[in-house]
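Asker: Quick one: the structure is below, and I'll ask about it shortly.
The values are calculated or read from the model by the stated rules, or taken from the named source; none is laboratory data. The structure displayed is predicted, hence computed values, not measured ones. All Cβ positions, even for glycine, are placed from backbone atoms using ideal geometry, and neighbour counts span all protein chains on display.
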Amino acid sequence: MLYPIMTDTREVFDLNGIWQFRLDPGQGLAERWYERPLRESVPMPVPASFNELGAAAADRDHVGRVWYERELLIPRRLLERRLVLRFGAVAHAAQVYLNGQPLVAHRGGFTPFEAEINALAQPGKNRLTVLVDNTLDYSTLPVAHYREEQLPDGSRLVTDIPNFDFFNYAGIHRPVRLYTTPATYIRDIVLTSALDGADGLVSYRVVVDGVGREAVAVRLRLLDAEGRTVASGQGTEGQLRIKDVQPWEPGQPYLYTCLVELWDGDGSGEPLDSYEEPFGVRTVAVEDGQFLLNGKPFYFKGCGKHEDFPIHGRGLDEAVCVKDLNLLRWLGANSFRTSHYPYAEELMRLADRLGLVVIDEVPAVGLHLNLGSGPGSARRQTWRELTTAAQHEQALRELIARDKNHACVVMWSVANEPATEEEGARAYFEPLLRLARQLDPQCRPLTITLQMWATPASDTVADLLDVIALNRYYGWYVHGGRLEAARALLQAELREWMKRLPGKPILLSEYGADALAGMHDEPPTMFSEEYQAALLQTYHEVLDACPAVIGEHVWNFADFQTEQGITRVQGNRKGIFTRDRRPKLAAHTLRARWRAIPDFGYKLQPSSRE
């Protein structure tokens, strides 16, 4: 799916801003609220999460449907074009109406969807209504425990407790846009690249749609950063050579532009449609126990993070995006994972420009019904109780379709902390991994981040992966406060993984400890800034000594909001920055380390940490 941009043949109209909003106690759909202007509504910004914007607990904790509405003014001239309404993301299910008529529905809160509106639109004022449902259960991604219970006073309590450790923000989270295309238009562009000595090879495929698509001619030019043509071709498929190519990589994120134009068959007049797709020339591979970027051993340095910020919740804020990526670069980081769901397209485009490597993750979190259960708890059968397979496949298809051309994306993460040690896990994931390999034109490596019960002895899927990604919390959830025990346990487990799967690279995809900003203690104790820094240093000594480890992603970049509970005080405090992006002691510890570690060839250095 192409990102909406302005060109000589396309217009884009921003529908962000203040919409009208109303919580639905349950009768809105039955009463057909979409057929008339929304009553008893209040102002609501788009994009944003609705949860943090009200002053009542009912706003924050609402489970179920809410309604958004705005006026859409369409000039008469636009109706002569193909008109498309596009939502960047709506969490978690949406039903869109135009002038009281159903337009499009979508399930899944982190990928875009769109629909042509010409059949329902009218010149002048139109009423755009969006029904949003934030309910999660055992069929959705993420997974949550949905429950209804009758209280002693006769009232009904509905809860939807996340089976994941971040707040279930909801609403229209990413930009809403109306854009135009000609009747015959470019639907998609697929780009792959390879290096051939000093040259770059760029393979392309252009998908044309609309009236008379068989009769148009496709012309394509590759432009360098100064707008100069470096290669050109014709037709819907082909391969072009860029002489003396400048590869994309951290520190040197060079971007080219693929300009595609549609012309009448005789090539006369003006282009019927045009589109510009930025791309980088780079290669990715896993070979001989190393992760190779442009043929060079790459070492991941960075964090897992969240789309989470005060007031906005998970709503897109491009100022926060810029701040976060600048802070990552200040740390000396070169990468991050989109834990635990796809992030906004705007952030991905920014990562392309700034040269930050991304592990792109589908919203498959909560696929373990026994994590957090206490001693003696009855064991549940995760893969018999969950019915997420269809949604998982859809999420995978939509993520790869959206992000396939991004140079920053070097690996897909198919799930976070699933029950891979339980019976049924392999049967669940094997077809998904096979599908991912079929869908991705760049054949990027695949991983799944494994939770602590998925050990070398118990895990059933790691041999299917290109990279073993481990989320490990020795010294925190296991033997909390005991750093020497953490060191010994981590060393022993890494040795066992190397025995089970020799030659397979290992990424520490999560490790860390909560720290309350301003809490200090000596000797370090849990929740102090000193303990968080000391735990990271302990892990780093182990990672440096293990030749199979190809990178480290600390959990987490910044403190983030979670569901209320006795284990969290206003959220998860594992951030090396506070929620408003102020550094803790650990941030300075990491900065000193990461700025001294090269992006390439780290483990090949004669003495990597002297």
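Asker: Exactly one of (1) in contact with a strand residue (DSSP E or B) (Cβ under 9 Å, 6 or more places away or on another chain); (2) of a type in the set (A, V, I, L, M); (3) surrounded by fewer than 20 Cβ atoms within 10 Å (Cβ to Cβ) is unmet by residue 260. Its number?
Answerer: Of everything listed in (1) in contact with a strand residue (DSSP E or B) (Cβ under 9 Å, 6 or more places away or on another chain); (2) of a type in the set (A, V, I, L, M); (3) surrounded by fewer than 20 Cβ atoms within 10 Å (Cβ to Cβ), residue 260 misses just condition (3).
Asker: Follow-up. Looking at segment 178-197, can you tell me whether even one residue there is over 30 Å from residue 383 (Cβ atoms), touching a residue at least 60 places away in the same chain (Cβ under 8 Å), in contact with a Lys or Arg (Cβ under 9 Å, 6 or more places away or on another chain) and outside any strand (DSSP E or B)?
Answerer: Yes, that holds for at least one residue.
Asker: May I pose another question? If we keep just the residues of segment 432-449 that are out of contact with any helix residue (DSSP H, G or I) (no Cβ under 7 Å at 6 or more places or on another chain) and touching a residue at least 40 places away in the same chain (Cβ under 8 Å), which is surrounded by the most Cβ atoms within 10 Å (Cβ to Cβ)?
Answerer: 449
Asker: Let me ask something additional. Quick one: how many residues across segment 457-467 are in a helix (DSSP H, G or I), surrounded by fewer than 16 Cβ atoms within 10 Å (Cβ to Cβ) and among the hydrophobic types (A, V, I, L, M, F, W, C)?
Answerer: Residues in segment 457-467 being in a helix (DSSP H, G or I), surrounded by fewer than 16 Cβ atoms within 10 Å (Cβ to Cβ) and among the hydrophobic types (A, V, I, L, M, F, W, C): 0 in total.
Asker: Condition check: touching a helix residue (DSSP H, G or I) at 6+ places or on another chain (Cβ under 7 Å), of a type in the set (Lys, Arg) and surrounded by 14 or more Cβ atoms within 10 Å (Cβ to Cβ). Does residue 574 satisfy that?
Answerer: no
Asker: If a residue has to be on the phi > 0 side of the Ramachandran plot and assigned to a strand (DSSP E or B) to count, how many in segment 121-164 make the cut?
Answerer: Number satisfying all stated conditions: 1.
Asker: Right, another one. Could you list all residues from segment 569-610 that are out of contact with any strand residue (DSSP E or B) (no Cβ under 9 Å at 6 or more places or on another chain), modelled with pLDDT of 95 or more and β-branched (Val, Ile, Thr)?
Answerer: 589
Asker: I would also like to ask the following. Suppose we keep only residues that are of a type in the set (Gly, Ala, Ser) and outside the structural domain of residue 83 (by TED's automatic domain parsing) within segment 98-144. Which one would you say is surrounded by the most Cβ atoms within 10 Å (Cβ to Cβ)?
Answerer: 144
Asker: Do any strands (runs of 3 or more DSSP E) entirely within segment 1-77 hold 3 or more residues that are among the aliphatic types (A, V, I, L, M), touching a residue at least 24 places away in the same chain (Cβ under 8 Å) and in contact with a strand residue (DSSP E or B) (Cβ under 8 Å, 6 or more places away or on another chain), and if so, which?
Answerer: 65-74
Asker: Oh, and also: Kindly provide the set of residues from segment 325-356 that are part of a helix (DSSP H, G or I) and of a type in the set (Lys, Arg), ordered by number. First the steps, then the outcome.
Answerer: Quick first cut of segment 325-356, residues part of a helix (DSSP H, G or I) only: 325-331, 345-354.
329, 349, 353, listed by residue number.
Every residue, every condition in (1) in a helix (DSSP H, G or I); (2) free of Cβ contacts under 8 Å to residues at least 40 places away in the same chain; (3) more than 19 Å from residue 452 (Cβ to Cβ); (4) out of contact with any Lys or Arg (no Cβ under 8 Å at 6 or more places or on another chain), yes or no:
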| residue | (1), (2), (3), (4) |
| --- | --- |
| 358 | no, no, yes, no |
| 371 | no, no, no, yes |
| 387 | no, no, yes, yes |
| 391 | yes, no, yes, no |
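Asker: Something else about it: Look at residue 228 and say whether it is surrounded by 14 or more Cβ atoms within 10 Å (Cβ to Cβ) and not aliphatic (A, V, I, L, M). Outline the logic, then answer.
Answerer: Details: surrounded by 14 or more Cβ atoms within 10 Å (Cβ to Cβ): no; not aliphatic (A, V, I, L, M): yes.
Judged against the criteria, residue 228 is not a match.
Asker: Of the residues 68, 97, which single one is hydroxyl-bearing (Ser, Thr, Tyr) and either on the phi > 0 side of the Ramachandran plot or out of contact with any helix residue (DSSP H, G or I) (no Cβ under 9 Å at 6 or more places or on another chain) (or both)?
Answerer: Among 68, 97, only 68 is hydroxyl-bearing (Ser, Thr, Tyr) and either on the phi > 0 side of the Ramachandran plot or out of contact with any helix residue (DSSP H, G or I) (no Cβ under 9 Å at 6 or more places or on another chain) (or both).
Asker: Tally time: how many residues in segment 78-118 are assigned to a loop (DSSP other than H, G, I, E, B) and under 23 Å from residue 135 (Cβ atoms)?
Answerer: 8
Asker: Let me ask something else about it. Taking into account only those residues within segment 492-515 that are buried (at least 16 other Cβ atoms within 10 Å of the Cβ) and free of Cβ contacts under 8 Å to residues at least 60 places away in the same chain, which is farthest from residue 457 (Cα to Cα)?
Answerer: It comes out as 511.
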